[in-house]
Amino acid sequence: MTALLDRMMDFDLSEDQRLVRQTVRRFAESEILPHVERYEREARYPTELIEKLPALGLLGPMIPEQYGGSFTDVLTYGVICEELARVDWVIASVVSVANSLVAGSLLRFGTQAQRDRYLPGIARGEILCSACLTEPRGGTDLGNMDTTATKVDGGWLLNGTKVFISHAEHARLFFIVATIDRGRKHKGVTAFVADPRAMKGMTIGEFPMRTLKRDNLAEVHFEDVFVPDEAVLGEPGGGFPILGSALDLGRYSVAARCVGQSQRAIDLAVPYALERTAFGQRIAEFQLVQSKIADMVARTEQARLLVYRLGRMKDAGLERCSLESSLAKLKASQAATQNALDGMAIFGGYSVSAEYEIGRLLMEAKALEFGEGTSDLHQKLIAEFALGLRTS
Ligand SMILES: Cc1cc2nc3c(=O)[nH]c(=O)nc-3n(C[C@H](O)[C@H](O)[C@H](O)COP(=O)(O)OP(=O)(O)OC[C@H]3O[C@@H](n4cnc5c(N)ncnc54)[C@H](O)[C@@H]3O)c2cc1C
């Protein structure tokens with residue numbers, strides 16, 4: 001069964017890409033997976049696990065070699081995100097935020113000085129990244145933000161609050177969006193990259209979570225925080241296309257992570273169904289259980305194909321693939337959520353016991369439905385493309 005599934009997931013990968021998958025899977029299963037449940041119980045940020053990533057080049061798959069990265073094609077980057085997410089969503093998030101949102105933006109829109117300053121440190125694991133986008137009044141309507149950037153001599157003063165900011169306390173680089181003129185809506189949005197340790201007046205507060213406590217989510221407050229002109233990414237007022245580009249690659253890596261999470265639910269549910277007995281037989285022999293497993297496999301493969309197609313389109317040189325990004329993000333995150341639910345059904349009551357991992361996947365998958373555009377937003381975008389109301 002496992003060999004059959006492996007054949008399906010690998011059928012359109014090159015030899016090199018298969019090798020990367022095998023290497024990352026072996027590393028993830030031996031170096032990360034055995035520790036995740038303990039970190040989870042202790043609600044602890046996995047610093048020690050993150051430190052293992054640079055040796056395999058896993059912190060810089062989208063960073064060119066000239067900056068110390070392990071630059072690879074976009075499809076392989078997706079496979080890396082998939083395999084890391086299959087064992088731990090926090091580790092996968094570290095890689096995805098750093099590469100898709102921050103390094104990708106620096107490479108496309110940064111100055112040479114900004115790239116030289118930050119990219120080598122990201123690849124070496126010395127600079128963890130946070131993306132400060134979401135605000136208390138909303139994360140979907142990003143063109144209508146409240147955080148302001150006011151021009152002063154030599155730089156800008158930031159004022160406002162960002163919420164749900166992953167990795168904030170550990171980050172050495174913030175990617176921040178603020179508006180220079182709320183009246184200009186998305187044309188006022190400006191992107192900044194800066195080291196949070198140099199930001200006087202910036203405070204990081206706890207963002208209390210009922211669950212998902214390892215991600216170290218935080219509230220970030222900016223009160224007259226000075227950032228120099230060199231911190232502007234692109235042009236003042238030119239942040240919205242930067243955000244769009246960052247989110248396009250971000251949606252790809254989040255979708256790939258969701259494929260990994262969907263796969264994990266299968267990997268957990270199949271052996272359990274084969275082992276657990278009821279009414280004198282293995283529950284795997286009940287057709288209703290088989291039906292769930294069949295659906296889990298089918299939706300994972302469907303999501304994987306959408307993600308790999310998107311990776312291939314980007315590798316072919318299409319930088320923005322908004323429709324395909326929305327399709328991949330929507331279907332992969334829904335697959336992860338539904339697979340977690342079906343997996344939980346197979347585990348029965350044990351799905352919510354501390355002994356088994358399957359229940360944890362549900363909250364993680366649901367959160368992935370929100371990040372980088374909610375499912376509602378992607379449905380709206382897909383419909384607008386279909387109706388001819390949107391072309392890019
Ligand atoms: C675990 C976790 C980690 C996160 N990490 C980060 C991070 O590192 N950085 C960061 O900036 N943010 C982060 N976020 C925030 C995340 O990106 C937002 O939660 C997301 O963008 C949605 O914003 P919101 O929660 O404010 O919902 P809202 O924007 O308030 O939306 C509420 C509801 O309204 C719906 N809705 C809104 N607009 C429309 C529309 N036009 N059409 C249809 N429905 C609509 C939404 O789909 C949703 O169901 C994280 C969130 C979680 C849960």
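List of remarks:
- Rounded to 10°, Cα long-axis angle of helix 375-386 versus longest principal axis of the chain: 80
- Angle in degrees between helix 74-87 and the longest Cα principal axis of the chain, rounded to the nearest 10: 60
- Three semi-axes of the equivalent ellipsoid, the stretch 121-178, Cα gyration tensor, whole Å, largest first: 22, 17, 8
- The convex hull drawn around the Cα atoms of the stretch 295-337, when projected onto a plane and averaged over every direction, covers 2.6 nm².
- The H on the amide N of residue 128, modeled in the peptide plane, is under 5 Å from the matching H of 172, 173, each at least 5 residues off or on a different chain.
- Shape of the stretch 239-392, Cα gyration tensor, a/c cut at 1.5: prolate
- Here r is the Cβ-Cβ distance between residue 200 and residue 116 and R0 is 30 Å; the resulting FRET efficiency, rounded to 0.05, is 0.75.
- The stretch 39-168, dipole about Cα centre (Lys/Arg Cβ +1, Asp/Glu Cβ -1), debye to the nearest 20: 220
- For residue 164, distant residues with modelled amide H under 5 Å away: 218
- Shape call, the stretch 2-128: gyration tensor on alpha carbons, a/c limit 1.5: oblate
- Cα pair distances exceeding 21 angstrom across the stretch 203-273, given as percent: 62
- The chain - Rg over Rh from alpha carbon coordinates, Kirkwood radius: 0.98
- Above-threshold pairs, the threshold being 27 Å between Cα atoms, out of 162/366; 162/185; 52/331; 52/200: 52/331; 52/200
- Rounded to the nearest 20, the size of the Cβ-charge dipole of the chain about its Cα centre is 520 debye, with Lys and Arg at +1 and Asp and Glu at -1.
- When each of the peptides 366-373, 56-63 is scored by how many other beta carbons lie within 10 Å of its residues on average, the order from highest to lowest is 56-63, 366-373.
- Between the amide H of residue 146 and any residue lying 5 or more places away or on another chain, no distance stays under 5 Å, with hydrogens modeled in the peptide plane.
- Translational D in µm²/s for the stretch 73-190 (Stokes-Einstein at 20 °C, 1.002 mPa s, Kirkwood Rh from C-alpha pairs): 137
- Ordering 131-143, 92-104 by mean Cβ neighbour count within 10 Å, with the highest value first, yields 92-104, 131-143.
- The stretch 240-386, dipole about Cα centre (Lys/Arg Cβ +1, Asp/Glu Cβ -1), debye to the nearest 20: 160
- Principal-axis analysis of the Cα atoms of the chain puts helix 239-275 at an angle of about 20° to the longest axis.
- Cβ crowding within 10 Å averaged over residues, with 68-81, 155-168, 32-45, 272-285 ranked highest first: 68-81, 155-168, 32-45, 272-285
- Here the gap between residue 298 and residue 169, fully extended at 0.36 nm per residue and compared with their Cα-Cα distance, gives a gain of 42.5 nm.
- With θ taken as phi - 60° and the Karplus curve 6.51 cos²θ - 1.76 cosθ + 1.60 applied, the whole-hertz 3J(HN,Hα) list for the stretch 26-40 is 4, 4, 5, 6, 8, 9, 10, 3, x, 9, 5, 5, 5, 4, 5 Hz, x standing for glycine and proline.
- Tensor-based shape of the stretch 174-234 (alpha-carbon gyration tensor, a/c under 1.5 rounded, otherwise prolate or oblate): prolate
Each reported figure results from applying straightforward, stated rules to the coordinates on display, with no laboratory input. Given the structure is predicted, the values throughout are model-derived calculations rather than measurements. Don't worry about glycine lacking a Cβ; one is built from the backbone with ideal geometry, like all the others, and counts go over all protein chains shown.
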